[in-house]
Amino acid sequence: MSESYVFYQGKIVKEGEVSISIRSKVFNYGLGCFEGIRAYFDGENNQLYGFKLKEHYTRLLQSCKSLNINLDYTVEELCKWTIELLKKNNFKQTTYIRPVAFKGGEGIGPTLLDDDNRILIYCQPLDKYAGKPELSVCVSSWRRLEDNMLPPRTKATAAYLNSALASLEAAEAGYDEAIFLTSTNHVCEGPGENLFIVKKGQLVTPPPSDNILEGITRDLVMKLAKEELGIEVVERSISRTELYASDEMFFSGTAMEVTPVVKVDNRVIGEGKQGDVCAKIKELFFELTIAKNPKYADSCTPVY
Ligand SMILES: Cc1ncc(COP(=O)(O)O)c(C=O)c1O
């Protein structure tokens, strides 16, 4: 991996040439935020597509604004550098792209006034992230962070300790993934993915006010359900036992893509296998990630 190319401090360099101080604020205090983006490879046409780049970099710059990380780049420039980087690495497979914006300054104290603002973008091949095609999950004993505490909306680096604790608990108990509740006991999301349930023909998902990250895949899933499948989509708070009584459940996220959940806290969901709504959304989703649906072609930026 050390021979891969990364974007750092305004240029594309070899990964091994990047050096970040052990004293940096990002390393010591997690003062940073990041994005997770995919580029999908279409083997038939030998083409790689950056997927929803604009949406991801818009969210990154919004996160930076909340966290006082001042980058000298526009969304368009970051999209352009990302395409350059993918080209330079000559990836011919589905790839994960990780931009990290952070405070690189040294000195004791977790201050966001530090004016050493940096961005690093690296990428690596990534096929499936979910270890299995159908997941068994648990409701975590760890509560989700709140907007006025460590805002999940900002995809802040430090917030992923909350995610990691829930994932650790789930893995140690033999589950594939965790689901957070909010401090008001509403269903929130997974450690790195949004959640949907299907009940009485409606597609239901928690609202942003329940401290979710407003997922880019979540937006797309809602649009596909409404516009392509004619399914009613409702954003509202969900109670824990509604999960158990749902007809279908699935996760959405850049890494997780669209992945069905078939068991929660050992209760079987629906028929214990991927449901019809999830299957249809998955099909539409994967088709459009490689620019096969003209209506959604602007989501895909060709690399080559
Ligand atoms: C906590 C959390 N929720 C949801 C998501 C899904 O968001 P997106 O679809 O934009 O990748 C992610 C992944 O970025 C995440 O980390």
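The values are calculated or read from the model by the stated rules, or taken from the named source; none is laboratory data. Nothing here was measured: the structure is a model prediction, and the numbers come from that model. Every residue, glycine as well, gets a Cβ built from its backbone with ideal geometry; the counts of neighbours run over all protein chains shown. The protein model used for the area step is the full one, side chains on, heavy atoms only, and it has no ligands, DNA or RNA in it. Shrake-Rupley method; radii C 1.70, N 1.55, O 1.52, S 1.80 Å.
Observations on the model:
- Integer Hz, Karplus 6.51/-1.76/1.60 couplings in order for the stretch 225-231, x for Gly and Pro: 4, 5, 7, 9, 10, x, 8
- Rounded to whole numbers, the Karplus 3J(HN,Hα) couplings from phi for the stretch 252-257 are 9, x, 4, 6, 6, 6 Hz, using 6.51 cos²θ - 1.76 cosθ + 1.60 with θ = phi - 60°, and x at Gly and Pro.
- Annotation: amide H of Glu248 within the under-5 Å range of Val198, sequence separation 5 or more or interchain, hydrogens built in the peptide plane.
- Each of Asp115 and Glu3 was given a label point 7 Å from its Cα along the Cα-to-Cβ line. The distance between the two points is 4.2 nm.
- Across the options Ile281, Pro207, Leu78, the greatest Cα extent toward the positive end of the charge dipole of the chain (unit charges at beta carbon of Lys, Arg, Asp, Glu) belongs to Leu78.
- Adding -39500 (n - 2.57) for every DSSP H run of four residues or longer, then dividing by how many residues the chain holds, sets the calculated 222 nm ellipticity at -7500 deg cm²/dmol.
- In degrees, nearest ten, helix 160-172 long axis to first principal axis of the chain (Cα): 50
- Overall, the stretch 5-125 carries a charge dipole of about 160 debye about its Cα centre when +1 sits on the Cβ of Lys and Arg and -1 on the Cβ of Asp and Glu, all other atoms neutral.
- Charge tally for Glu228 (other residues, Cβ to Cβ under 11 Å; Lys, Arg +1; Asp, Glu -1): +1.
- For the chain: accessible area per residue (Å², 1.4 Å): 46
- The stretch 114-170 and the stretch 18-78: distance between their alpha carbon centers, rounded to Å: 15
- Coupling constants for the stretch 46-59 follow from the phi torsions by the Karplus curve (6.51 cos²θ - 1.76 cosθ + 1.60, θ = phi - 60°), and in residue order they are 6, 10, 10, 10, x, 9, 6, 4, 4, 4, 5, 6, 5, 5 Hz; glycine and proline get x.
- Per-atom-type breakdown for the chain gives carbon and sulfur 49% of the accessible area (1.4 Å probe, protein chains only).
- Long-range HN-HN contacts of Tyr304 with modeled amide H, under 5 Å: Leu48
- When you count the other C-beta atoms within 10 angstrom of each residue and take the mean per peptide, 280-293, 64-77, 180-193 line up highest first as 180-193, 280-293, 64-77.
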